[in-house]
Amino acid sequence: MAEQLAHARQRRRRLIRAPLAGPALTMMAGVLVARYLPAAAWVWLGAAGLGVAMLLASLWRKHLSSLGLAGAMLLAAGAGAFRTAECYYAVATDDIARCAPHGKMLATVRGRVASRPQLFHSDVEFGYRPEPQLVFDLQAGQVLTGEMWTPVSGVLRVAVNEPYNRYRAGDRVELVGWLGRFGRPANPAGFDAAAHARLRGQYAWMQVTAADGVTLLEPADRAGPLARLYWRVRASARMHFLQLDEAEAGHVATALVVGDRSPALRDLGRTMVRGGVAHFLSISGLHLAVFCGFIYLIGRAARLSPRAAAGVVLAALVAYLLVAEARAAILRSGIMAGAIALSVLLGRRSSALNALAAAAIVLLLINPLQLLQAGFQLSFAIVAGLLLLTRPMHERLFGWWYRRRGLMVFRGEERWRRWVFYRLADAATGLVAASAVAYLTAAPLVAAWFGIFSPWAVLLSILLFPLVVAVLIPGFVSMALAWPLPGLAATIGSAATAAAGALAWGVGQLEALPLLSVSLREVPVGWVILCYAALLAAVFAPRLPKGRWVAAGLVLALAGTTAWTQRTASPPDRAELHMLAVGAGQCAMLRLPDGLPVLIDAGTRSGFEVYDRVLEPFLRHQRYQAPSVAFISHPNVDHYSAMPGLARSGRLQRVYTCEDLLRSGDKPFSATRRLLGMLDRHGVEVQAVAAGDVVRLSPTTTAEVLWPPAGRGDLHGNAASLVLRVVHAGRSVLLPGDIGEDGMAELLATSRERLSADAVMLPHHGSWEQSLPAFLKAVDPQVVLCSNYVDPRGPPSAGADIQQFYDELRRRYRYFSTARHGWVGLTFGGGRMDAQTFGRRRQ
């Protein structure tokens, strides 16, 4: 009982030393309320004013202290809600987004480069790879309307093709290119570019298609002397390690020391996310703790007083924050470290929890929408967990060992054993407890945001931590000496890049670990809350009445909820054909009542990975089982570029394709050769089919192959495309792939009666062929589908008859296209055929 009272008093003292914790939490609540319960900004401003009145009324009346506390909370909540209403629901009348259409238009814009331009390379493995693009944010200043320049505000996301010229943050430029607004997702669970950009305060984008579309009006060097110095220092800091090592090691060192993560680290970042150690690659509390601790130790070694050393730390911290990339984690850590250093400088007691709350309040007042982003949530959740749970976790994990160590006696000649059992053991157990807390506090949010669970995260954090420190300390010293002693700085910086190279190599080896990450289906917010409740109950169980029973009940509830959220969707009553929007390509998946899902082509020429960005998120969101059988109609990448990702998941077992794909796989250095090799390495069986073959997909579903005939070595590419007729419960769908004029003409001549179907996918994404009208008439469908990035209109030189055909196509049939409707779901069987879409999109 006495021990419980002591712990209660300790918790109360901690809360008294952190008076900003309550306002920070209520401000977060206000942000969430304003985001999901829209109201006019004046409503929230009135609530904040009422909180001020309550606070003032209680200042000189001790018996009204509860009223003052309630007023402070209401003030914080109202301020957060007011700022959210301003940032999320209000757009300035002169914002550049008001000039941007939902499609795109040609525009000329002037403004200043607001972020460091970065060169983005496509990471597409199979298929069309777009040329590199120079991407940066532009603070818009003027837009050309007619012959007059109109002042505007707002931030544009700019991408420049042909990035021959390099620009710097602070440059004033004139851009000529396509202007538009960010669009909504085209598929369920697709990336919502509009929502993501809105959280960043951006509503429009600009695409400059050629290098001569950018004109430099005023270099950053022509700005004032302070601005020139600022941009020069920032540019030098970002190039410091790249001048020592242009390879991956230089980029890793720059990311760890300066916080500037290059697109070249995209693959490394993905591996670290899967391994649960992505926090090492961006500046966080760990990095600034090493930075401030190292400077403080140097100050103390130089015989400075604690206050003087804290002053040096504070000055160095301000300089570092001006150079580093401004992100939520950096600013949060900087505010916390600054508050602690200032308290030492002033000779007052510090509270890390209060500093964390102050950082949250400041950042939310600047931009409350950060609360809705994964980085902000992970950053604050991990640090709050470390501050509140590390000591209890340490006691839970190693309390028994510390009680045993208290009975040990060491003689004078056993100093090394005493050092091992005390100093080394304290550091090791502290690192293990902190790593466990960081992992357990991050895991629910990682599962909710990224859909992965990393079983190795705690062990990997412990193993990689020394390498991270080995990069940070020489990296900080090298940057500090870059101007006064460049030679010595290069020597020390080489040690940092060498450690960074070792870190990158070690991360690369993580892919060989079994179960590096486990993919999870979508989890609700309630599951995340239940995770944290179970964690708190498990850690504090000995201190709570019946704590072990409460913890056991919450853990069992969490286990049951997890099993429920990870269940697979029930089989459909009828067959379902899901046509996903993938731009210039095709991706269709067939779900059957009595069989496994079947993938029928999956690829694109639009320059992105279909599996990572479309197919896998769709399967997670819908809770569908991944396809184990796939058809590849012909050897064009816009029909198979997603197959490598599906094969690596370990779920794909068999692929049916045409003979031409197997023949083209014999060509050296061809994409199909790489594809077949990759499928073979993952144990996927590849089987060629030809006209007359029937593949039984389930007891009630067959796929009849109508084209190409067997042994036709003269057919290549689109001409050799599979034509499949899927039949289920009396209904059929014709999937002709990219069959061309000759193939359609021969099918009309030899197999016209077998072409009849209730639904058809337009051949070759709707492209015009002379036989297309007759082919469509022979099929005689109720529903016509088209997978492309635009609706088919015929060639530019098409006459009135061809245009009339496409117009009649949309009027006569139930017509659905991915360009017009996004995802299309077709349900057929049992004498019925129904269709639903994800929503109409403007072209």
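The values are calculated or read from the model by the stated rules, or taken from the named source; none is laboratory data. Predicted model only: the values in this text are computed from it and were never measured. Reconstructed Cβ throughout: ideal geometry from the backbone, glycine too, with neighbour counts over all protein chains shown. Ligands, DNA and RNA are excluded from the accessible area calculation, which covers all protein heavy atoms including side chains. Shrake-Rupley method; radii C 1.70, N 1.55, O 1.52, S 1.80 Å.
Taking the range 91-106 as the range and being open to solvent by less than 30 Å² (accessible area, probe 1.4 Å) and in contact with a helix residue (DSSP H, G or I) (Cβ under 7 Å, 6 or more places away or on another chain) as the test, no residue passes. Return yes when Ala18 is at pLDDT below 90 and open to solvent by less than 40 Å² (accessible area, probe 1.4 Å) and no when it is not. Considered against the rule, which asks whether it is at pLDDT below 90 and open to solvent by less than 40 Å² (accessible area, probe 1.4 Å), Ala18 comes out as yes. Of the helices (runs of 4 or more DSSP H) lying entirely inside the range 638-756, those containing at least 3 residues that are surrounded by fewer than 19 Cβ atoms within 10 Å (Cβ to Cβ) and of a type in the set (D, E, K, R) are 671-681, 741-750.
Listed here are the residues, each with its yes/no results for (1) open to solvent by 60 Å² or more (accessible area, probe 1.4 Å); (2) among the hydrophobic types (A, V, I, L, M, F, W, C).
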residue: Ala34; (1), (2): no, yes
residue: Ala41; (1), (2): no, yes
residue: Ala47; (1), (2): no, yes
residue: Gly51; (1), (2): no, no
residue: Leu56; (1), (2): yes, yes
residue: Lys62; (1), (2): yes, no
residue: Gly71; (1), (2): no, no
residue: Leu74; (1), (2): no, yes
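State which residue is surrounded by the fewest Cβ atoms within 10 Å (Cβ to Cβ) when the search covers only the range 779-827 and only residues that are of a type in the set (Asp, Glu) and at pLDDT below 90.
Looking at the filtered set, the residue picked out is Asp801.
Just to be sure before I move on: is Trp416 without any contact (Cβ under 8 Å) to a residue 40 or more places away in the chain, farther than 30 Å from Ser649 by Cβ, open to solvent by 40 Å² or more (accessible area, probe 1.4 Å) and among the aromatic types (Phe, Trp, Tyr) in the structure I sent? Criteria met by Trp416.
Among all residue pairs at least 6 apart or on different chains, which show Cβ distances below 6 Å where the first residue, located in the range 262-275, is touching a residue at least 24 places away in the same chain (Cβ under 8 Å) and part of a helix (DSSP H, G or I) and the second is open to solvent by 20 Å² or more (accessible area, probe 1.4 Å) and charged (D, E, K, R)? Here the result reads Arg266/Asp123, each pair linking the range 262-275 to a residue that is open to solvent by 20 Å² or more (accessible area, probe 1.4 Å) and charged (D, E, K, R).
Residues that are of a type outside the set (A, V, I, L, M, F, W, C), open to solvent by 60 Å² or more (accessible area, probe 1.4 Å) and either at pLDDT 85 or above or part of a helix (DSSP H, G or I) (or both) within the range 383-411 comprise Arg391, Glu395, Arg396, Arg403, Arg404, listed in sequence order. Might you let me know whether the range 544-552 holds any residue that is under 30 Å from Gly645 (Cα atoms) and charged (D, E, K, R)? No: zero hits.
Just to check your reading of the model, which residue among Ala729, Ala745, Ala720 is in contact (Cβ under 8 Å) with a residue 12 or more places away in the chain and touching a helix residue (DSSP H, G or I) at 6+ places or on another chain (Cβ under 7 Å)?
Residue meeting the stated conditions: Ala720.
Here Gln836 clears all of (1) buried (at least 17 other Cβ atoms within 10 Å of the Cβ); (2) assigned to a strand (DSSP E or B) except the condition numbered (1). Only residues that are touching a residue at least 12 places away in the same chain (Cβ under 8 Å), in a loop (DSSP other than H, G, I, E, B) and loosely packed, with under 15 Cβ neighbours inside 10 Å were counted across the range 524-563, and they come to 1.
Just to be sure, is Gln207 at pLDDT below 90 and under 13 Å from Val135 (Cβ atoms)? No; evaluated as a whole, the condition is false for this residue. Can you find a residue in the range 119-126 that is within 28 Å of Pro38 (Cα to Cα) and open to solvent by less than 50 Å² (accessible area, probe 1.4 Å)? No - not one qualifying residue is present in the range 119-126.
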